Structure formats: C-alpha cells, structure tokens
Amino acid sequence: MSKSWDETALGVINVYSQRSHCRYFKVAAAFYRGPRLLTIGYNGPPSGEAHCDEVGCVRDNGEECCGTHAEINAITNAASLGIDISYSILYCVYFCCYRCAKQLINLPITEFVYLYDYPDEDSQRVLEMFARHNIKVRQLKE
C-alpha cells in the first residue's frame, strides 16, 4: 500500500531537517499545493554565514539565535524562484513561533500541519490567530 500525502510530506520534512546544523532544533518546512511540493527550507543562518556547529552557538552565551526559521527560509526560497505559495498547506517539523505565524497569515496559508510542539509561550496566541484567519491546524503523529 502506498503512503498517504501526509506521510509523504512528513518523510520529506524529516529528511530535509537533517540539513540543519542547529544542535537544538532540526526543522524543515515545506509548502504543498495538493500533492505538489512547491518549496522547502530548513533552519539555519543566512547564506554565506557560518553555521553554529562551525563557530559555536551564540545561544550558549545567552544571545538570540542568529539562524532563520525553516518557515521563513521556505518563503524566501519561493520568493527567489518566483513560486506562488499563497493558499497552500505548510508542513513543518515543529509548531511555529509567533513571528513566523504572522508571516504565514500574511501569505496566507490554508493549513498548518506539524509534528512536534514548539516550546514557546505564544503557542496559544498563535492558535487563536490561526483560528481568526481560518487556518486549519493539525498535529500529525510519526
């Protein structure tokens, strides 16, 4: 029996998240329209900047992470290639933070599908915002 589209997307983001050099969170995000993968991204520093596993993680010194979240990298990848990701579904390894949620609402997306909760005090706020904007939220199980 073949895999469902959810299982396929889950497999894609799990594999792609391994591109991340972050030692705390390995995250990938992929935009889909129906069964079609539109764009993908993973968390990490801006292009050309050193990765944390090369120079050390600034979070260890109490500083804010210099990496860009997977959702934003996926949006940037789409923009740089001229790919329309509006009204698509976003699959992500972790639930999104408040800053990413604002960008997803502005696209807009129709659905946010994720695997794991993100340790963020704004998660309830994000859920409420998504509900106000009719963005469906689903958590998948591995």
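Just name the residue that is nearest to the chain's Cα centre (by Cα) out of those in the range 42-66 that are assigned to a loop (DSSP other than H, G, I, E, B) and closer than 10 Å to His21 by Cβ. Per the stated criteria, the residue is Asn43.
Flag set for Arg23, criterion: modelled with pLDDT under 90, of a type in the set (Lys, Arg) and either outside any helix (DSSP H, G or I) or buried (at least 20 other Cβ atoms within 10 Å of the Cβ) (or both). Among the residues making up the range 1-20, those that are open to solvent by 70 Å² or more (accessible area, probe 1.4 Å) and in a loop (DSSP other than H, G, I, E, B) are Met1, Ser2, Lys3, Gln18, Arg19. Of all residues in the range 91-102, those being within 20 Å of Gly11 (Cα to Cα) and either among the aliphatic types (A, V, I, L, M) or in a loop (DSSP other than H, G, I, E, B) (or both) number 3.
Selection of the range 37-51 for residues being open to solvent by 30 Å² or more (accessible area, probe 1.4 Å) and at pLDDT below 95 yields Pro46, Ser47, Gly48, Glu49, Ala50, His51.
Looking across the range 91-110, just one residue is open to solvent by 20 Å² or more (accessible area, probe 1.4 Å) and under 17 Å from Lys141 (Cα atoms), and that is Tyr94. Looking at the range 67-75, can you tell me whether even one residue there is under 22 Å from Thr110 (Cβ atoms), open to solvent by 50 Å² or more (accessible area, probe 1.4 Å), assigned to a helix (DSSP H, G or I) and not hydrophobic (A, V, I, L, M, F, W, C)? No: the range 67-75 contains no residue that is under 22 Å from Thr110 (Cβ atoms), open to solvent by 50 Å² or more (accessible area, probe 1.4 Å), assigned to a helix (DSSP H, G or I) and not hydrophobic (A, V, I, L, M, F, W, C).
Which members of the range 119-142 meet the condition of being in contact (Cβ under 8 Å) with a residue 60 or more places away in the chain and open to solvent by less than 70 Å² (accessible area, probe 1.4 Å)? Across the range 119-142, the qualifying residue is only Leu140.
Residues being among the hydroxyl-bearing types (Ser, Thr, Tyr), without any contact (Cβ under 8 Å) to a residue 12 or more places away in the chain, open to solvent by 20 Å² or more (accessible area, probe 1.4 Å) and in a helix (DSSP H, G or I) are represented in the range 77-90 by at least one member.
Looking at the range 26-36, can you tell me whether even one residue there is part of a loop (DSSP other than H, G, I, E, B), touching a strand residue (DSSP E or B) at 6+ places or on another chain (Cβ under 6 Å) and either exposed (fewer than 14 other Cβ atoms within 10 Å of the Cβ) or modelled with pLDDT under 90 (or both)? No, that holds for no residue.
The values are calculated or read from the model by the stated rules, or taken from the named source; none is laboratory data. Here the structure is a predicted model, which is why all the values come from computation and not from measurement. Note: ideal-geometry Cβ built from the backbone for every residue, glycine included; neighbour counts use all protein chains shown. These accessible areas exclude ligands, DNA and RNA; they are computed on the full protein's heavy atoms, side chains included. Shrake-Rupley method; radii C 1.70, N 1.55, O 1.52, S 1.80 Å.
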